[in-house]
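Accompanying notes for the structure given below.
The values are calculated or read from the model by the stated rules, or taken from the named source; none is laboratory data. Everything quoted here is computed from the prediction, not taken from an experiment. No Cβ is skipped: glycine too gets one built from the backbone with ideal geometry, and neighbour counts run over all protein chains shown. Surface accessibility is based on the protein's heavy atoms, side chains included, excluding ligands, DNA and RNA. Shrake-Rupley method; radii C 1.70, N 1.55, O 1.52, S 1.80 Å.
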Amino acid sequence: MSDIPPEPIPPVGYLSRKALPIKRNDAEILTREDVQYDFLHYIFVDETAVFTPQTPASSSKITFRELYVNALYHSNKCSKVLKEKMVETPEFGVELAKISLLTNVGRINTTMAFFPEMKTALRTYHPVPSLQKTDGNAQDAPRIKNCLKAALLPSEFKSLPPSSPEEVMERRKAGQCPPTSIVNLIFVLSNHAAPLANIHFDGTVNFLDLFLPKALASPDRAKAFLWVIYHYLESDEPPNPFDAPHTRPIPGKAPYMRPLTHMEMIRENVDTAEELEWGRRMSAQRNSFLQKLVTAMESEKKLKPAAPHFVTAAPQSNSNTPRTRSTRRHPEPSKEEGPFMYYVPGEDPSVSHESNHPHRGIYGNIASSPIPLSFPPRLSPDTMVEMDEQRLLSIPTPVLANVPYFPELHFDGRSLLQYAWRSVLTSDPLLDSDEEDGEDGEIRNDYAQRLSLISAVRGRPPTPERPPHIIPPDYRPVNRPTTFTRWQPVESWD
C-alpha cells in the first residue's frame, strides 16, 4: 500500500500568535509531538562549533547547545540553586534549554508550570516526560521567561537591544560580533516571522512553523533553524556551514526541507512506554494534590465566619411575619452612582442552627424536619397593603378631646390613622424628598393636611402673638383639590 501524500501547506498568513502556544488542560501530558522532541533533539546534538561565545570566559567557537545553555546560566534572573543544578547535572541544563527555547518562541506560554504542587489558579500543570528525565520539578514558564529576558549582552544593559532583523544586521555589519544575544535574536525572529517567510523560505513556511507539527523532516527543520541563527549572528555571506550537502545553495535562502508522508510523520516523535507511564503517574499525583487542597479549603471556609458584605438586593428576613413593602417605582440610579447596596453582617459559625433555637421560627429546622410542611402562597406587596387597609378600616377612630375636627382633612374615606399607616407601608424613608415620585398625590395631600392643621391650631395658647403684617387664615370649609396645579407666573410688584 502506497503512502498517502501529505496535505499541502497553507499560506503563511494562516499563522497567528494566538494559535502558536500549546493548549492543554490541567494535568494533561505534553507529548513528544506537542514539543516536537525530534526537532529539538537534532538542534542540541549538532556539534558544529561555529558560533562566537557571548561570555568572556571562552574565545574559541562553540556549538549552539553551549551558546544557549551559557546564555541561561549567565542570566541575572537565573537563581543560584538553578545554576548549581546545571553544573552538577549537564543533562538537566540541556533539558532546561529545550523548554526555554519553546518559551523563547512562544510555543510554551506563561500559564504553564511543570511541578505538581502548584497552588495558583492562574497556571496549569503539565508533565513533560521527554524533557523531565533528570529533574521532575522544572521551573515554571513565568520564571523561565524572566530568565530569558535578562539574558542580554553586557552592552545591552546600558542601551536597548535591537528589535528588528534590520537592526541586527546593521550592528553586525558595523563590526559588532555578536550583534545581540542569542535569546534576543530568537525573540526578534519570532516577532518578525511573517515578513521573513519570503526572504529566507519559499513563502509557505516561516520561522515559527519550524516549531509546529508540520509535514517536514525534523533533521531538515533543525538545519534550517541553525542556518537562520548563523545568518544573523555570524555572517550572511556564503557558504553557510548549515547549507544542505550536495546541493547548490541559494543566497539568502534556508536549506531545502524534505516533506514527509503521513506514515513518516507517524514514525517521528513517538513517546516511549516509560515516558507515558511516568506522565500518568504525575497526572494522578496532581489530581490527588488538588483534591486535598480543595478539601482543606472547604474545611477552612466552614470554620471561618462569613465576612460582612454588601448586596444589591434586600436580604430576606428569617422571621415568621413577612415584612411587606410597596412596589413603588423609584428613580433608576445612574450608571455612575450604581445600585443601592444593602449591608449584610457576617455569621458566627459557633451559633447553633438547630430546630430548638430560641430565635428560630415556628417551623424549626426545615431541612431536617420529618413532617412535610405546606407554606401559604406568597402575596404581592400591593395585595398585602390592601389587606392591611381593610383591616384598619374596621378599627374605630379615637376621638381626641379639645381638638377641632376638620372634615376636609379626611379624604378618600380614610382617617388620619389609616392614612399614616398606609404612608408607613408605601413610602421609602431612605429616599430624600426631592427624589420621591412626583406623581404620588397622597404625599401632596399629606403636606396640605399638615399645613391646614398648623393653621387651625395657631392662635391658641401658648402660641405667641401673630405679627401684624401676617394675614390670618380663613378656616371656612372649602372644597380642596386633591392635586396641586402648577404655579402660574405673576408680574413684578415693583
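Would it be correct to say that PRO161 is open to solvent by 10 Å² or more (accessible area, probe 1.4 Å), in contact with a helix residue (DSSP H, G or I) (Cβ under 8 Å, 6 or more places away or on another chain) and in a helix (DSSP H, G or I)? Considered against the rule, which asks whether it is open to solvent by 10 Å² or more (accessible area, probe 1.4 Å), in contact with a helix residue (DSSP H, G or I) (Cβ under 8 Å, 6 or more places away or on another chain) and in a helix (DSSP H, G or I), PRO161 comes out as no. Residue pairs whose Cβ atoms lie under 7 Å apart, separated by 6 or more positions or on different chains, with the first residue in segment 279-292 and of a type outside the set (S, T, N, Q) and the second surrounded by 14 or more Cβ atoms within 10 Å (Cβ to Cβ) and in a helix (DSSP H, G or I), are GLY279/PRO129. For segment 81-90, the criterion of being among the β-branched types (Val, Ile, Thr), assigned to a loop (DSSP other than H, G, I, E, B) and on the phi < 0 side of the Ramachandran plot is satisfied by at least one residue. Of the candidates GLU84, GLU66, the single residue that is closer than 19 Å to ILE186 by Cβ and without any contact (Cβ under 8 Å) to a residue 60 or more places away in the chain is GLU66.
Taking the numbered list (1) within 17 Å of THR55 (Cβ to Cβ); (2) open to solvent by less than 10 Å² (accessible area, probe 1.4 Å) in turn, THR103 passes all entries but (1). If you go through segment 169-192 and keep only what is under 27 Å from ALA19 (Cα atoms) and in a helix (DSSP H, G or I), you end up with ILE182, VAL183, ASN184, LEU185, ILE186, PHE187, VAL188, LEU189, SER190, ASN191.
When TYR68, TYR14 are screened for being aromatic (Phe, Trp, Tyr) and at pLDDT below 90, only TYR14 passes. Remark: pairs (first residue in segment 244-260, of a type in the set (Ser, Thr, Tyr); second residue open to solvent by less than 70 Å² (accessible area, probe 1.4 Å); Cβ separation under 6 Å; 6+ apart in sequence or on different chains) = TYR256/ALA244. For segment 106-142, a residue qualifies if it is touching a Phe, Trp or Tyr at 6+ places or on another chain (Cβ under 8 Å) and open to solvent by 40 Å² or more (accessible area, probe 1.4 Å), and the qualifying residues are PHE115, GLU117, THR134, ASP135, ASN137, GLN139.
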